[in-house]
Amino acid sequence: MSQDQNKDAARRQTAGNAAMNHDLAPDGTEKHSTKIGIAVIAALLANVMVAVVKFVVYMITHSASMLSESVHSLADSGNELMLIIGNKLSHRPPSRTHPLGWSRARYLASFVVAVSLFAIGGVYSASESIAKIRAVATGGPEAHAVDAQKMGIVLIVTLICAAIEGWSLHNGIKEARERFHETHDPGRFSLIKFWKGTKSSDLAVVLAEDSLAVIGLALAFLGTLAAILTGDEIWDAIGGTSIGILLIVGALFLGWQVASLLIGEGASEHTYRIINEVLAANEDVERVLADPAALHLSEKRILVLLKVQFRNETELDDTIAINRLEEQLRAAIPYYTLDIVVEPDTYDPAKAAKVEDWVD
C-alpha cells in the first residue's frame with residue numbers, strides 16, 4: 001500500500017471513530033476541555049517560585065525543613081509539567097491502535113505524579129531528615145547549634161510560601177466548584193464530596209499537592225519555631241521528617257484515587273439516574289435487558305452501553321429508534337461527551353438482567 005493510501009486509510013479510520021459521537025471534534029478528539037485547567041498553570045507557577053526561594057534559603061540556613069520543602073516543591077513542579085503533557089496527549093486523535101483516542105492519558109499522567117510524589121517528595125525528604133536526626137543525636141559537628149537569626153529567615157520565608165501555596169489552593173478550589181456545578185451533581189459543593197466523586201485526575205492532583213504543601217509548610221514553621229525556642233536543632237530535623245511522612249501518606253491516598261480512575265470508573269449515581277429516566281420515558285423501548293453501563297473515558301467523556309428491546313421489532317426500524325434514543329440521552333446530559341453503543345435484542349428469561357449479560 002502506498003503512503004498516500006495509508007494516509008487515506010488513517011483518515012477514514014479517524015472519521016469513523018469520530019462518527020460514533022457527534023459531540024466529538026472532526027478529528028475524533030473531545031471538544032470539551034481542550035485547554036489545561038487554570039489550576040494546573042497556577043500550581044506550576046507557584047511551585048517554581050516557591051522551589052527557588054526554598055532552595056536558596058536552605059543553602060543559607062541548612063534547615064532540614066527547608067530541604068524537605070525544597071524537594072517537595074521541585075517534585076510538584078515536575079508533576080505539573082507531567083499533567084500538562086498528559087493533557088496534550090489526551091487530545092491525540094483516534095487510530096486503529098487506540099480506537100477511542102487517548103483520553104485516559106490524563107489518568108496515566110496523574111498516576112505517574114502520585115508515584116513521583118511518593119518516591120521523590122516523600123521518601124527522599126524523610127530519609128534526608130532522618131539522617132540529620134541521627135547526626136544531631138550522635139553529636140555531629142553542628143549538633144544542637146541553632147542560629148536564631150537564620151532560622152528566623154526560615155520562618156519568614158515559610159509564611160511567604162504559605163501565602164503563595166494558599167493562592168494556588170484557592171484557584172484549585174474555585175475550579176473544583178465550577179466543575180462540580182458544571183456536571184450538575186446535586187447538593188452543595190464540598191471538597192470531600194468533590195474528591196470522592198471527581199473524574200478529573202489533574203485537578204485532584206493539584207488539590208492534593210496544594211493541600212499537602214500548606215500542611216507541610218505549617219509543619220516546617222512549627223519545627224523551626226520549636227528549634228529557635230529550645231535552641232535544639234533536632235526539632236528542625238523532626239519537622240523535615242514529618243513533612244516527608246506527610247507526603248508519603250498523601251501520595252498513597254492520591255495513588256489509590258487515580259488508580260481507580262485509571263482502571264475505569266463508572267458515572268455518578270446522578271448520571272445513571274438520568275440515563276434510566278430517559279430509557280423509561282422513551283416510547284420505542286419496551287424493555288431494558290441489562291443494567292446500563294457508563295464508563296468514564298475522561299472527566300467529560302463517557303462510554304454508554306445499552307442493551308434494550310424495542311417495541312414492534314418487525315415494524316420498527318432499529319436505526320431510527322437508536323438515533324432517537326441517542327438524541328434524547330445527549331439532550332438530557334449535555335455537559336458530557338457521550339459515546340453511545342446500543343445493542344437491540346430480545347428478552348430471554350434464561351438470562352438475568354445484569355451487567356454480566358454484556359458478555360454473551
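The values are calculated or read from the model by the stated rules, or taken from the named source; none is laboratory data. As the structure is a prediction and not an experimental result, all values here were calculated from the model. Neighbour counts run over all protein chains shown; Cβ positions are idealised from the backbone, glycine included. Quick note on the areas: whole protein, heavy atoms, side chains included, nothing else; ligands and nucleic acids left out. Shrake-Rupley method; radii C 1.70, N 1.55, O 1.52, S 1.80 Å.
Tell me the accessible surface of Y272 in square angstrom (1.4 angstrom probe, heavy atoms of protein chains only), to the nearest ten.
It works out to around 50 Å².
If I133, I320 are ordered by their accessible area, calculated over protein heavy atoms with a 1.4 Å probe, which sequence runs from highest to lowest?
Greatest to least solvent exposure: I320, I133.
Between T97 and M59, what is the label-point separation in nm under the 7 Å Cα-to-beta-carbon projection?
About 4.2 nm separates the two model spin labels.
Let me cross-check S127: its accessible surface, 1.4 Å probe, with only protein heavy atoms counted, in Å² to the nearest 10?
60
Using a 1.4 Å probe and counting only protein heavy atoms, arrange H181, H98 so the residue with the most accessible area comes first. Each step should come with its number before you reach the end.
Numbers: H181 95, H98 70 Å².
My answer, sorted largest first, is H181, H98.
At a 1.4 Å probe radius, which order do T138, T271 fall into by accessible area, largest first? List each step's numbers first, then the result.
On the way: T138 115, T271 5 Å².
Largest to smallest exposure gives the sequence T138, T271.
Kirkwood hydrodynamic radius of the stretch 203-315 from all distinct Cα pairs, in Å?
18.4
Are any of the pairs K54/K174; K88/K300; K193/K300; K88/K199 more than 22 Å apart by Cα-Cα distance, and if so, which? Mind dumping the intermediate values first?
Details: K54/K174 27 Å; K88/K300 16 Å; K193/K300 18 Å; K88/K199 17 Å.
Too far apart for the 22 Å limit: K54/K174.
For the stretch 124-255, what does the alpha-carbon gyration tensor say about shape, rounded, prolate or oblate, given a ≥ b ≥ c as the root eigenvalues, a/c under 1.5 as rounded, and a/b over b/c as prolate?
Prolate is the answer for the stretch 124-255, as a/c is 1.5 or above and a/b outweighs b/c.
Would you be so kind as to identify which of L155, I192, V136 lies farthest towards the positive end of the dipole of the stretch 123-200, taking Lys and Arg as +1 and Asp and Glu as -1 on Cβ and the Cα centre as origin?
I192
Considering the options L229, V205, T241, tell which one lies farthest towards the positive end of the dipole of the stretch 176-251, charges being +1 on Lys and Arg and -1 on Asp and Glu at the Cβ, about the Cα centre.
V205
Within the stretch 60-75, list the residues whose amide N lies under 19 Å from a label point set 7 Å along Cα→Cβ of S127.
Once the point is set 7 Å along Cα→Cβ of S127, 64-75 turn out to lie under 19 Å by backbone N, inside the stretch 60-75.
For the stretch 189-231, what is the largest minus smallest coordinate of the Cα atoms on each principal axis, given in angstrom and ordered from greatest to least?
48, 18, 11
Using a 1.4 Å probe on the protein heavy atoms only, what accessible surface does S110 show? Give it in Å² to the nearest 10.
0
Which loop-located trypsin sites (Lys or Arg not before Pro) does the stretch 43-134 contain, where loop means any DSSP state but H, G, I, E or B and the Cβ has at most 11 other Cβ atoms within 10 Å?
R96
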